[in-house]
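Participant: Just passing along the structure, written as structure tokens.
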Amino acid sequence: DSSGPASGVRLVVEPVGAFEGWPQPPMGFEAPSTTDALGGFNLALDPGEYRLDFLPGENLPRVSRFVTVPPRTQQEQKLELVPFTLSRGRSLSGSITLPLDPALAPDHVAANASVRFFRVVTVAGRPTSLLLAQTVSDSMGRYSTVLPTR
């Protein structure tokens, strides 16, 4: 195994739930910094349930983890994720066309179309959609993205 720490990985935080008596966490955001040389990161989050999306780039697929941040009982409380390995993905390419409509798209091309791939997973006993990849088609309607293999 030639894996090592994944530095420079972007991290997107999406709130998915709240604790009773606590407000729903605000909308999602991209962390202001990437993972460090050891693959670590620090975030300050309000109590709630979150999906953390790790965006490694380098033709590796997005990886998501769910975390529950309980209300603080001590001055400084730190949570640690179980270490995980970024997996290789499979490249998927295609093109998007539109029905013949001279007013809408005389050349049938769906340029700059948003393309998203999801999987349904169970989180806290509820089915939840999990974003696997997203991309935008080019001026010819072509797109390419990397999806996880499992």
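Participant: Being in contact (Cβ under 8 Å) with a residue 12 or more places away in the chain and more than 22 Å from LEU131 (Cβ to Cβ) is the filter; apply it to the range 5-22 and report the residue that is surrounded by the most Cβ atoms within 10 Å (Cβ to Cβ).
Facilitator: PHE19
Participant: Among the residues of the range 25-34 satisfying the criterion of being surrounded by 13 or more Cβ atoms within 10 Å (Cβ to Cβ) and touching a Pro at 6+ places or on another chain (Cβ under 8 Å), which is modelled with the highest pLDDT?
Facilitator: Taking the candidates together, the pick is GLY28.
Participant: Take residues that are free of Cβ contacts under 8 Å to residues at least 12 places away in the same chain and outside the structural domain of SER7 (by TED's automatic domain parsing) and tell me which of the strands (runs of 3 or more DSSP E) falling wholly in the range 50-150 contain 1 or more.
Facilitator: Per the criteria, 114-123, 126-136.
Participant: When only residues in the range 62-108 that are hydroxyl-bearing (Ser, Thr, Tyr) and surrounded by 11 or more Cβ atoms within 10 Å (Cβ to Cβ) count, which is modelled with the lowest pLDDT?
Facilitator: That would be SER87.
Participant: State yes or no: is VAL69 over 26 Å from ARG116 (Cα atoms) and touching a Leu at 6+ places or on another chain (Cβ under 6 Å)? Don't jump to the end; show me each part of the working.
Facilitator: Values: over 26 Å from ARG116 (Cα atoms): yes; touching a Leu at 6+ places or on another chain (Cβ under 6 Å): yes.
Answer is yes for this residue.
For (1) part of a loop (DSSP other than H, G, I, E, B); (2) at pLDDT 85 or above, each residue gets a yes or a no:
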| site | (1), (2) |
| --- | --- |
| ASP1 | yes, no |
| VAL12 | no, yes |
| PHE19 | yes, no |
| PRO23 | yes, yes |
| PHE41 | yes, yes |
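Participant: Let me ask something additional. Looking at (1) over 24 Å from ARG72 (Cβ atoms); (2) part of a loop (DSSP other than H, G, I, E, B), which is the one condition that is false for SER33?
Facilitator: (1)
The values are calculated or read from the model by the stated rules, or taken from the named source; none is laboratory data. These figures come from a predicted structure and were not determined experimentally. For neighbour counting, all protein chains shown are included, and Cβ atoms are generated from backbone atoms with ideal geometry for every residue, glycine included.
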